[in-house]
Amino acid sequence: MTSLRRLAAAFFAVATIAFVSLASVPAANATTIERVKTPKGIEIWLVREPSLPMIAMEFAFRGGAAQDPADRDGLANMAASLLDEGAGDLDARTFQQRLESKAIEFSMSAYRDSLMGSLRTLTENRDEAFGLLKLALTAPRFDPEAVERIRTSIVAALRRDAVTPNDLAGRKFWETAFAGHPYGRVTRGSVESVQAITVPDLKAYVGRVLARDNLLVGIVGDIDAATASRLVDEAFGALPEKAQLSAVPQAMPQDLGRRVQVDVDVPQSTLLLGGAGIARKDPDFIPAYVVNHILGGGSFSSRLYREVRETRGLAYGVSSSLVPLKSTALFFVSTATRSDRVKESMEVIEAEIRRMAEEGPTADELAQAKSFLKGSYALSFDTSAKIANQLVLIQLEELGIDYIDRRNSLIEAVTLDDVKRVAKRLLSGKLLATVAGRPEAATAAAPPA
């Protein structure tokens, strides 16, 4: 009977976390952010929400996969995947059981410029949650069984990627555009590099990157500043004061104007076109963001969607995006189409990009884009988890603690002259194209089914 009661309690706790994680929270324009400095010097951005009996914390360490050694691609990703696989005197199974028994959610992910972490807990379990987080960050075990299990999982995923057009096109783009640069290495690594990673490699990476001076924290929930300060210092305070990060040089994408074919025997090819973008802190970024929405970022309302899908039926979907990183900025367009229609699809996309560069958006397109981008912003703040994530992303991009209040006014201030000028700046350059699928010549020569 005791076991059944324990199981029922755990199930109820999990269900409660799922419910409150999705519950409504104040809209973006009603969010009050407190800046809290802990005794150990860690800055927290805190949003109090006492009506929900939970705490959502997002945190990030600057560094990420760009800190992988040249012959150890995928090291950051593998280390992040292992941080909840046992710590201190708790092996992987025991650590996971402790999380599950209290309905605590903890995860880590590696990106090019950062390691991102998430912690979710009911308020009543906060001390247990932050205690387990401390163990994971300061005393990861990297036991052989866990290391080999995670390695096997990553290698299996990489082998699947090797025949997936989307992954092949993306990998080839980064390898070509940033050859010899840390961004040229894929975040998850290669089969060979992941198989070469050792436990000393994992420990060395964690020791270099997890530190207090490159830590960013956002917390939302039923917690006051004093308690948040105490728990954050307990979880992160034992980390080294300073990270030992390698410099990641500024870079521009190379081989622009070139097309690279990756042969894979599938009926549908993936196209990825990319070139120089605009940095996040550049004054032209917000106008570029609006231009991108009109061109291909606005899904069903975008020019690319209308021309590629609706008018010609070349693809199910097509999109464009701005990708600002710490050491570069990129503009992308991606789609997937039948291999015998790759050339036509690329011509249509390039024609729309040229037209936008030469003419810019119309006044009606600008008005509709501004209305949508302002109105949809609140959807980034409709759960505690999303708010916490935004707090950390704003810190990573160094936009200022008042950015949430300023953001929509920045969108509204964009003029027609701004978007015409920035469209020319953003879209006049050449693009590198990577295509993964059957070569068009081979497709054309294939007999009918």
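The values are calculated or read from the model by the stated rules, or taken from the named source; none is laboratory data. Note that the structure is predicted; figures quoted are calculated from it, not measured. We place every Cβ from the backbone using ideal geometry, glycine too, and count neighbours over all the protein chains shown. To get the accessible areas, we keep the full protein, side chains included, count just its heavy atoms, and leave off ligands, DNA and RNA. Shrake-Rupley method; radii C 1.70, N 1.55, O 1.52, S 1.80 Å.
Scan 270, 227, 198 and give me the residue that is polar (S, T, N, Q), modelled with pLDDT of 95 or more and within 20 Å of residue 77 (Cβ to Cβ).
198
Criterion first (closer than 24 Å to residue 54 by Cα, assigned to a helix (DSSP H, G or I), open to solvent by less than 40 Å² (accessible area, probe 1.4 Å) and not assigned by the TED database to the domain that holds residue 217) does residue 394 satisfy it?
yes
So that you can scan it fast, the table gives a plain yes or no per residue for (1) closer than 22 Å to residue 408 by Cβ; (2) modelled with pLDDT under 95; (3) of a type in the set (A, V, I, L, M, F, W, C):
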position: 301; (1), (2), (3): yes, yes, no
position: 314; (1), (2), (3): no, yes, yes
position: 319; (1), (2), (3): no, no, no
position: 322; (1), (2), (3): yes, no, yes
position: 331; (1), (2), (3): no, no, yes
position: 348; (1), (2), (3): no, no, yes
position: 357; (1), (2), (3): no, no, yes
position: 389; (1), (2), (3): yes, no, no
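Quick check: anything in segment 248-269 surrounded by 14 or more Cβ atoms within 10 Å (Cβ to Cβ), within 17 Å of residue 61 (Cα to Cα) and not acidic (Asp, Glu)?
Yes.
Hey, could you check segment 290-314 for residues that are more than 19 Å from residue 359 (Cβ to Cβ) and in contact with a strand residue (DSSP E or B) (Cβ under 9 Å, 6 or more places away or on another chain) and say which is least open to solvent (accessible area, probe 1.4 Å)?
314
Among the residues of segment 88-97, which ones are among the small types (Gly, Ala, Ser) and under 9 Å from residue 143 (Cα atoms)?
92
Condition first: in contact with a Pro (Cβ under 8 Å, 6 or more places away or on another chain) and outside any helix (DSSP H, G or I). Now tell me which residues in segment 399-421 satisfy that.
Matches in segment 399-421: 414 only.
Could you tell me which of the residues 304, 272, 256 is under 25 Å from residue 168 (Cα atoms), in contact (Cβ under 8 Å) with a residue 40 or more places away in the chain and in a strand (DSSP E or B)?
None of the other options fit; the residue is 272.
Name the one entry in 329, 378 that is under 18 Å from residue 31 (Cα atoms) and in contact (Cβ under 8 Å) with a residue 24 or more places away in the chain.
Being under 18 Å from residue 31 (Cα atoms) and in contact (Cβ under 8 Å) with a residue 24 or more places away in the chain holds for just one of 329, 378, which is 378.
Can you tell me which residue within segment 188-245, out of those that are assigned by the TED database to the domain that holds residue 131, surrounded by fewer than 21 Cβ atoms within 10 Å (Cβ to Cβ) and of a type in the set (S, T, N, Q), is farthest from residue 127 (Cα to Cα)?
Per the criteria, the residue is 190.
Can you find a residue in segment 357-364 that is in contact with a helix residue (DSSP H, G or I) (Cβ under 6 Å, 6 or more places away or on another chain), open to solvent by 10 Å² or more (accessible area, probe 1.4 Å), touching a residue at least 40 places away in the same chain (Cβ under 8 Å) and not small (Gly, Ala, Ser)?
Checked against the condition, which is being in contact with a helix residue (DSSP H, G or I) (Cβ under 6 Å, 6 or more places away or on another chain), open to solvent by 10 Å² or more (accessible area, probe 1.4 Å), touching a residue at least 40 places away in the same chain (Cβ under 8 Å) and not small (Gly, Ala, Ser), segment 357-364 yields no hits at all.
Residues in segment 68-119 that are open to solvent by 10 Å² or more (accessible area, probe 1.4 Å), under 24 Å from residue 195 (Cβ atoms), assigned to a helix (DSSP H, G or I) and touching a residue at least 60 places away in the same chain (Cβ under 8 Å): how many?
Of the residues in segment 68-119, 2 are open to solvent by 10 Å² or more (accessible area, probe 1.4 Å), under 24 Å from residue 195 (Cβ atoms), assigned to a helix (DSSP H, G or I) and touching a residue at least 60 places away in the same chain (Cβ under 8 Å).
For segment 362-391, give me each residue that is assigned to a helix (DSSP H, G or I) and of a type in the set (D, E, K, R).
Result: 364, 365, 370, 374, 386.
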